[in-house]
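The values are calculated or read from the model by the stated rules, or taken from the named source; none is laboratory data. Quick caveat, the model's predicted, so the values are computed rather than measured. FYI the Cβ positions are ideal-geometry reconstructions off the backbone, even for glycines, and counts take in every protein chain you see. Accessible surface is based on the protein model in full, side chains and every heavy atom, while ligands, DNA and RNA are left aside. Shrake-Rupley method; radii C 1.70, N 1.55, O 1.52, S 1.80 Å.
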Amino acid sequence: KKKPIYKYFYNYMMQIGYSKFIKNFFFTFGVLVCICSCSSDNQSKENTLNSPNIIFILADDQGWNGTSVQMMHNEIGSKSDYFETPNLELLAEEGMRFSDAYSSAPVCAPSRYSIQFGKSPARLSLIRVGMNTDHIDHMGFISIPKALKKINNEYRAAHFGKWGMGSNPSVLGYDISDGPTKNKHGNFDNNKSQWKNVIKKDPKNIFSLTDKAIQFIDICSEKNIPFFLQISHYAVHSNIESKSKSYTHFKEKPKGNQHIDPGFAAMTFNLDESLGILLKKIKDLELEDNTYIFYMSDNGSVPNIPGAKKYDKSYNYPLSRGKWDAYEGGIRVPLIVAGPGIKKGSESSVPVSGSDILPTLIDLAGNKKIVLSEIDGGSFASVLFNENIKQIKREVEGIFFHVPYKNGIALKRPHSAVRKGDYKLIKFEDDKSILLFNLVKDKMEQLDVAHQNPQKAKELEEILENYLKDVQAPKWKDGITWKNIPLKKINSRY
C-alpha cells in the first residue's frame, strides 16, 4: 500500500527542520511557477537543442593569482603559492584560460554593469561604488538575459548572489533572482572584524547559493529549457569566513611567500568546493555537451590583508597594487571558459574584458538578428574556438579604465587608462602626467617607456582622450566624490 504523499513531505521536514523546509519549498515553487508560466506551450525542441546553456560564475575580489590555476604559462606568479582550487584546475583542463583578462573597473559596481550591458563604466557614467544610478537606462539597454531571449525566447535566466547594481535583476530580464542584493547580504562589516576569520557551515552563503543554482538547473533540464545562470558569489570579499575543516587544513599547511592568510585561503577553497558541486551536477545531468561555463572575478584582489593598510608587496604580485586602482593588480583577473568546441587545456593571451562578455554570449547562443550599438565590448567567441586568433574586433579601439576620483584607500590620484595591443597608458588627471608600459615585457609596470616611445605614448593618449570625450565621461574635479548625488546635479563631463 502506497504511503500518502503528505507523509513524504512530513518526513523530509523532520529531517531538515521546519524553517529550512518552508524556505526550500517556496523557492522551488517560485522557480517552477516562473519557468512554467514563461515557457511556450509549443516549445521548439530544435531551438532548444541548438541553444547552449550558459553558466557565468563571478567571484568577488579574486585576484589574477588568487587561485591554484597558473593563468600564464610562463609566469609562476600567476597562481597562488598557498591557495588550493582543484575544481577550477579541472575547469581549466577542460577549456581555455585567459592570461590577459580584465575587469572593466577596479571596483565591483561599475564592473558588474559592464558585464551586463557590454559598455564601459566611462560610457555608463558609473565609475565607482555608491553612485546614484538614476541616469542609467536599466529597462532600455540590452542585457544578457534580454539578448539571449531575443535569440531564443525559450531561454530562462536566473541570478543568485550579489547583484551590486541599481534597479532590480528582473528589470534586466532575469526570471528569478535574489533581488538587488549587496555586500551586506553576504555578511560584510565595514570595520576591523572583517579581516578575522569566522567559522561557518555556509561561509559567505557559498553553498546556499549553489543549492539554488542546482535547483534551477534541475528544473530547466527536466523541462528541456535552455538557461542562463549567473552565480555572483559574495566570496572572496570580506568578511573572511570559512568552514572549520578547511580552516584547520590551511592553518596547518606551510604558508607561501606570497599568500599567508589561512582564513582567506580556506574561504577560497570553500568557493572552489561549490564549483565542484556545480560541475558534478552538469555531468550527472549529461549537459556537458551543450553547456558553456565561464569563471571570472569582478576586479582584482585587495593588495593586502588586513586591507587599507600600507604594504611593501601586493597580494597581487607580480602585478602592482590592487583593488581600487587601474594598475594591473586592480584590474587583471582570472578568466576561464569551458564548453563544447573549446580546446582542452588551452591558453589565450588576447586581451579581453568584462565588456566583452555580452557580445561573446550572444555569439555562443547563435545570434543572427541582434545588432549591438554604442557598446565597448567585442565577441571573443572566435578566440575560444581558435587559440591562434590574436585580437578581437571592437567598435572602439582599446580597453578603457576610468577612475576619476581621489580614493583615500588606494592611489589617491584620479586617473584613467587604456590598453591597446602590448601597451598600456595611464594618465593622471591632477597634473596630466602619463605613464606608458609594455605589458608583455613589463607586467609589473615598473618601467615607464613614454620617453623611449613618444609616438606610442601620443597615440594611446589621443585614443584615451578622444574616447572620454566621445562618451562624455565624468571628469575629475577637486572636491567631487560622485557618491549618492544624481549625475545631472554634477556639472563635470568631458
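How many residues are in contact with a His (Cβ under 8 Å, 6 or more places away or on another chain) and basic (Lys, Arg) if we restrict to region 192-212?
Within region 192-212, the first condition is being in contact with a His (Cβ under 8 Å, 6 or more places away or on another chain), and the residues that meet it are 204-206, 209.
Narrowing further to those that are basic (Lys, Arg): 204.
Number of matching residues: 1.
Residues that are among the aromatic types (Phe, Trp, Tyr), under 22 Å from the mean Cα position of the chain (by Cα) and outside any loop (DSSP other than H, G, I, E, B): does region 383-397 have at least one? Steps first, answer last, please.
Taking region 383-397 as the starting set, the residues that turn out to be among the aromatic types (Phe, Trp, Tyr) are 385.
Okay, now just the ones that are also under 22 Å from the mean Cα position of the chain (by Cα), so 385.
So of that shortlist, the ones also outside any loop (DSSP other than H, G, I, E, B) come out as 385.
Among the residues of region 383-397, at least one is among the aromatic types (Phe, Trp, Tyr), under 22 Å from the mean Cα position of the chain (by Cα) and outside any loop (DSSP other than H, G, I, E, B), which makes the answer yes.
Considering only residues that are among the basic types (Lys, Arg) and assigned to a loop (DSSP other than H, G, I, E, B), look in region 399-449 and name the one that is least open to solvent (accessible area, probe 1.4 Å).
The qualifying residue least open to solvent (accessible area, probe 1.4 Å) is 443.
In the set 189, 137, which member is of a type in the set (D, E, K, R), open to solvent by 10 Å² or more (accessible area, probe 1.4 Å), assigned to a loop (DSSP other than H, G, I, E, B) and under 22 Å from residue 372 (Cβ atoms)?
On the way: 189 fails: under 22 Å from residue 372 (Cβ atoms).
That would be 137, the only listed residue that is of a type in the set (D, E, K, R), open to solvent by 10 Å² or more (accessible area, probe 1.4 Å), assigned to a loop (DSSP other than H, G, I, E, B) and under 22 Å from residue 372 (Cβ atoms).
Select, from 61, 100, the only residue that is on the phi > 0 side of the Ramachandran plot and within 19 Å of the chain's Cα centre (by Cα). Outline the logic, then answer.
Details: 100 fails: on the phi > 0 side of the Ramachandran plot.
Matching residue, one of 61, 100: 61.
Go through 232, 244, 274 for me and flag whichever is at pLDDT 95 or above, of a type in the set (Ser, Thr, Tyr) and over 20 Å from residue 160 (Cβ atoms). Write out each step before concluding.
Details: 232 fails: over 20 Å from residue 160 (Cβ atoms); 274 fails: over 20 Å from residue 160 (Cβ atoms).
Step by step, each of 232, 244, 274 is checked, and only 244 is at pLDDT 95 or above, of a type in the set (Ser, Thr, Tyr) and over 20 Å from residue 160 (Cβ atoms).
Taking region 334-375 only, how many residues are in contact with a Gly (Cβ under 6 Å, 6 or more places away or on another chain) and within 30 Å of residue 428 (Cβ to Cβ)?
Residues that pass the stated criteria total 3.
Identify, from the list 225, 217, the residue that is open to solvent by less than 50 Å² (accessible area, probe 1.4 Å), over 18 Å from residue 62 (Cβ atoms), outside any helix (DSSP H, G or I) and touching a residue at least 60 places away in the same chain (Cβ under 8 Å). Spell out how you get there, then give the answer.
Values: 217 fails: outside any helix (DSSP H, G or I).
Being open to solvent by less than 50 Å² (accessible area, probe 1.4 Å), over 18 Å from residue 62 (Cβ atoms), outside any helix (DSSP H, G or I) and touching a residue at least 60 places away in the same chain (Cβ under 8 Å) holds for just one of 225, 217, which is 225.
Could you list, in sequence order, all residues of region 90-126 that are more than 20 Å from residue 395 (Cβ to Cβ), assigned to a strand (DSSP E or B), open to solvent by less than 10 Å² (accessible area, probe 1.4 Å) and of a type outside the set (Gly, Ala, Ser)?
96, 98 - these are the residues of region 90-126 that are more than 20 Å from residue 395 (Cβ to Cβ), assigned to a strand (DSSP E or B), open to solvent by less than 10 Å² (accessible area, probe 1.4 Å) and of a type outside the set (Gly, Ala, Ser).
Can you run down the residue pairs with Cβ atoms below 6 Å, 6 or more apart or on separate chains, where the first is in region 473-494 and more than 9 Å from residue 404 (Cβ to Cβ) and the partner is among the acidic types (Asp, Glu) and at pLDDT 90 or above?
Between residues of region 473-494 that are more than 9 Å from residue 404 (Cβ to Cβ) and residues that are among the acidic types (Asp, Glu) and at pLDDT 90 or above, the close pairs are 486/134.
Out of all the residues in region 216-230, which are of a type in the set (S, T, N, Q) and under 20 Å from residue 173 (Cβ atoms)?
230 - this is the single residue of region 216-230 that is of a type in the set (S, T, N, Q) and under 20 Å from residue 173 (Cβ atoms).
Where residues in region 231-287 are without any contact (Cβ under 8 Å) to a residue 24 or more places away in the chain and either touching a Leu at 6+ places or on another chain (Cβ under 7 Å) or assigned to a helix (DSSP H, G or I) (or both), which of them is farthest from residue 145 (Cα to Cα)?
Result: 252.
When you go through 432, 469, 458, 489 one by one, which is the residue that is within 30 Å of the chain's Cα centre (by Cα) and farther than 24 Å from residue 64 by Cβ?
469
Only one residue in 260, 305 is farther than 30 Å from residue 388 by Cα, open to solvent by 50 Å² or more (accessible area, probe 1.4 Å) and among the aliphatic types (A, V, I, L, M). Which one?
Result: 260 is the single residue among 260, 305 that is farther than 30 Å from residue 388 by Cα, open to solvent by 50 Å² or more (accessible area, probe 1.4 Å) and among the aliphatic types (A, V, I, L, M).
If I ask for residues that are open to solvent by 90 Å² or more (accessible area, probe 1.4 Å) and touching a His at 6+ places or on another chain (Cβ under 8 Å), which ones from region 470-494 would you list?
Once the filter is applied, which keeps residues that are open to solvent by 90 Å² or more (accessible area, probe 1.4 Å) and touching a His at 6+ places or on another chain (Cβ under 8 Å), region 470-494 yields only 488.
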